[in-house]
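Here the structure is laid out as structure tokens; the discussion comes afterwards.
What follows is calculated from the coordinates using simple rules that are stated; it is not laboratory data. Being a predicted model, the structure only gives us computed values, none of them experimental. Cβ atoms come from the backbone with ideal geometry, glycine included; neighbour counts cover every protein chain shown.
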């Protein structure tokens, strides 16, 4: 004689609460990732009240030790023009964002602008240099 219990066990599993948890975690990580500073090279940018938005193609950094970086790769001043040209070679109009420390003399900024202008003259392109600032 087989004895059967009145309460049967259910084997199914509800994933509704699990999907809510996953979406909450996704929202949390999306919000916190936007708060992370995109600059890997620490700079004190000059302040400005003007606001110019452009799609950046290449980023050039000049740190407080007067070292040049093209897309976070260190470059000597005499190699600057060649490295910029390699990064924007396939584009006729590119925006180069220049992030310079506020203590850097203007001559270092002008060196980058001259390099981009030489590329524009030599290859008949219209690349722009935008100086990045932090808001007041």
Seminar exercise, completed: Highest GNM mean-square fluctuation among 104, 86, 112, for the chain with Cα springs under 10 Å, belongs to 86
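Over the chain, what is the relative contact order in whole percent, taking alpha-carbon pairs under 8 Å and six or more residues apart?
Across the chain, relative contact order equals 26 percent.
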Exercise. For Cα extents along the principal axes in Å, the choices are [x] 44, 38, 28; [y] 44, 40, 33; [z] 97, 35, 27; which was calculated from the structure?
Worked result: [z]
Exercise. Rounded to the nearest 500, what is the chain's calculated 222 nm mean residue ellipticity when only DSSP H runs of at least 4 contribute -39500 (n - 2.57) each, over all residues?
Worked result: -11000 deg cm²/dmol
For this session: Could you work out how far apart the two model spin labels at residue 55 and residue 109 are, taking each label as a point 7 Å from the Cα in the direction of the beta carbon, and quote it in nm?
Result: 2.7
Exercise. How much length, in nm to one decimal, is gained on full extension between residue 131 and residue 86, taken as 0.36 nm per residue of separation minus their Cα-Cα distance?
Worked result: 14.1 nm
For this session: Report, to the nearest 10°, how far helix 106-123 tilts away from the longest principal axis of the Cα atoms in the chain, using its own Cα long axis and a range of 0 to 90°.
Result: 90
For this session: Please identify, among 30, 76, 18, the residue showing maximal mean-square fluctuation in a Gaussian network model of the chain using a 10 angstrom Cα cutoff.
Result: 18
For this session: Treating the angle as unsigned and between 0 and 90°, give the value, to the nearest 10°, between the Cα long axis of helix 16-35 and the longest Cα principal axis of the chain.
Result: 20
Problem set entry | Sorted by Cβ density within 10 Å, fewest first, the residues 6, 99 | 6, 99
